[in-house]
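The values are calculated or read from the model by the stated rules, or taken from the named source; none is laboratory data. For clarity, every value in this text was computed on a predicted model and none was experimentally measured. Glycine gets a Cβ as well: all are built from the backbone with ideal geometry, and neighbour counts include every protein chain shown. For the accessible areas, the whole protein counts, side chains as well, though only heavy atoms, and no ligand, DNA or RNA atoms are used. Shrake-Rupley method; radii C 1.70, N 1.55, O 1.52, S 1.80 Å.
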Amino acid sequence: MSDARGALLGPAEIRDLAGRLGVRPTKTLGQNFVHDGGTVRKIVRAADVRPGERVVEVGPGLGSLTLGLLEAGASVVAVEIDPVLAKQLPETVAAHVPDLGDRLEVVGADALEVASLPGEAPTALVANLPYNVAVPVLLTFLERFDSLERVLVMVQAEVADRLAAPPGSRTYGVPSVKAAWYADARRAGTVGRSVFWPVPNVDSALVALDRREPPATTATREQVFAVVDAAFAQRRKMLRSALSGLAGSASVAAEALEAAGVDPQARGEVLDVAAFARVAEQLVRRAGLGDRGPRTAPPAAGRSAGRPGTVDA
């Protein structure tokens, strides 16, 4: 592990690098780069990155977090959609920590379209996720890369609240349940706006996820997620009404809910992921629910450069 304590990017270096690359960040486009070394090291510590560990980073941008991960001893595979930033990243690493460049691999691609990664399978995902696609990217990587044991991502504070929300809370919803299919999620800290350039108009937070087995069920993930989507499509509806489209009628939905041990008059926000799995099982038996669930990722995504933007999901 290198002891390059001055290797991280500072405010002046961020501005200079962006200028040389022709990157002109604007709040309208949600282009904000982390320029504070203390924040980078806070993220790396919260992620519990271990020397020699293989880490995947989504949206490295100008490389602030990448340098921090390498400094901690990680081997990093970075996924970057912007070809200019993807080309620059190895050069930035070579300039700041030349002895660590052999531990970096860059994949120039949309994170939502990446189906495989080079080299050793990653055990951790650590990223400052692009906020407008944070939830789809997170769920996609948890689905496609079962080697991931831990996740530590910086997202919009509102999204962090949703991901970590327990059943029955005001912020509990689709992201909460789908994340819970894969892992236990929790808030892992807050990040001030002043550590970004330019300063964003949203608050940021860290959310940590620890992988665990999904609920024991005969229903598929797609079937369970179809029930989750339907349950929250209109939050104020009772489940017997919200699931009537999937079931074919409200009466069949009520039968399935009762068989699953769920009150048909309850609403989706009171069910945990295991309860949703039981409901999906019963709907498969009674209504022939097929793999009709939407994929966890949309067909296209915005720039994955690790910059705050808008809430998705």
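Worth pointing out:
- Residue within the range 210-219 that is part of a helix (DSSP H, G or I) and either at positive phi or open to solvent by 10 Å² or more (accessible area, probe 1.4 Å) (or both) present: no
- Residue check for Pro90: open to solvent by 20 Å² or more (accessible area, probe 1.4 Å), out of contact with any Phe, Trp or Tyr (no Cβ under 7 Å at 6 or more places or on another chain) and in a helix (DSSP H, G or I): yes
- Taken over the range 12-49, the criterion of being at pLDDT 95 or above and assigned to a loop (DSSP other than H, G, I, E, B) is satisfied by Ala47, Asp48, Val49.
- For the range 146-156, the set of residues classified as open to solvent by 10 Å² or more (accessible area, probe 1.4 Å), at pLDDT 95 or above and in contact with a Ser or Thr (Cβ under 9 Å, 6 or more places away or on another chain) consists of Ser147, Glu149, Arg150, listed by residue number.
- Residues that are open to solvent by less than 10 Å² (accessible area, probe 1.4 Å) and either on the phi > 0 side of the Ramachandran plot or touching a Phe, Trp or Tyr at 6+ places or on another chain (Cβ under 9 Å) (or both), drawn from the range 115-126: Pro122, Leu125
- Residue list for the range 220-246, filter: assigned to a helix (DSSP H, G or I), of a type in the set (D, E, K, R) and under 22 Å from Val135 (Cβ atoms): Arg221, Glu222, Asp229
- Odd one out for Arg103 among (1) in contact with a Gly (Cβ under 9 Å, 6 or more places away or on another chain); (2) open to solvent by less than 20 Å² (accessible area, probe 1.4 Å); (3) basic (Lys, Arg): (2)
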